[in-house]
Every structure is written in C-alpha cells, then in structure tokens.
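Working notes, beginning with the structure itself.
A short reminder: the numbers here are calculations on the coordinates, not readings from a lab. Predicted, not measured: the structure shown is a model, and the values here were computed from it.
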Amino acid sequence: MVRLQPDPFLNELTNMFERTTEKGSVWVTLKHSSDKSKVKRNKMKTAGEKIEYKCLIRATDGKKNISTMVGPKEHQRFQSSYATILKARMTALKKRERKDKKKAADSDKKQDSKKKSSVAKTSN
C-alpha cells in the first residue's frame, strides 16, 4: 500500500473515480490511528506525554491501494476537499423514490383497517 501526502492522495483518488466511472467501485475507509505501536503509546501514557491521534484514510479500486494520514490541524481542509470530490464523482447513484406524506399516511390507515377486519373475522 502506498502512503501519500493528503494532496497527492486526493489527486489519485480522483483518478481512481475516473477509471471506475464505466465499471467498477472505489472503497474508502477511515480509521482512528496514532501511527505508533502499542508499546510506544503505553510508554507515552506513563510518561504523561500527549498522544496525537490522526485519521488513517485508505482507498482501493481492487487493483491499486493508496493511503494517507491526516492530522487534526489539516483535517478541516482535507475534509472539505474530500467532500467536493465525492459530490462530483457520485453521479451514477440513483435518487431514492419518496412517497408523498399524505399518500403514505392514507395507505397506512388502509392497511391497519384491513388487519383489524381480518382479525375480527377470524375471532368470530
């Protein structure tokens, strides 16, 4: 897996989305990480040192894996750039069909009345 700086990571992520527009998927995972081993973290805790946690971001299209670490100082800028990329590249998703609230309420009432009438018929 290739560890990149945040800006080259975003560029490569954009390239992955472009390669998979016709066919394929891109998986992105985010993980809370300190980038230190458990032994070092325990030593830092006992010494009273502050452990800086970062966000490990991984992306793969099944063929190529990339990752980056984003600290708390650069997280806002990275998140806004990442959101822009996602909004621009998720054009193939279908919008969900929503029922009108009144129609949904009417259909629920009809179903409830049918259940009540069927229960009354079976109890007789």
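Observations on the structure shown:
- Segment Lys99-Tyr53, length gained on full extension (0.36 nm per residue, minus Cα span): 12.2 nm
- Residue pairs exceeding 26 angstrom between C-alpha atoms, taken from Lys54/Lys95; Lys38/Lys64; Lys23/Lys99; Lys31/Lys87; Lys40/Lys63: Lys54/Lys95; Lys38/Lys64; Lys23/Lys99; Lys40/Lys63.
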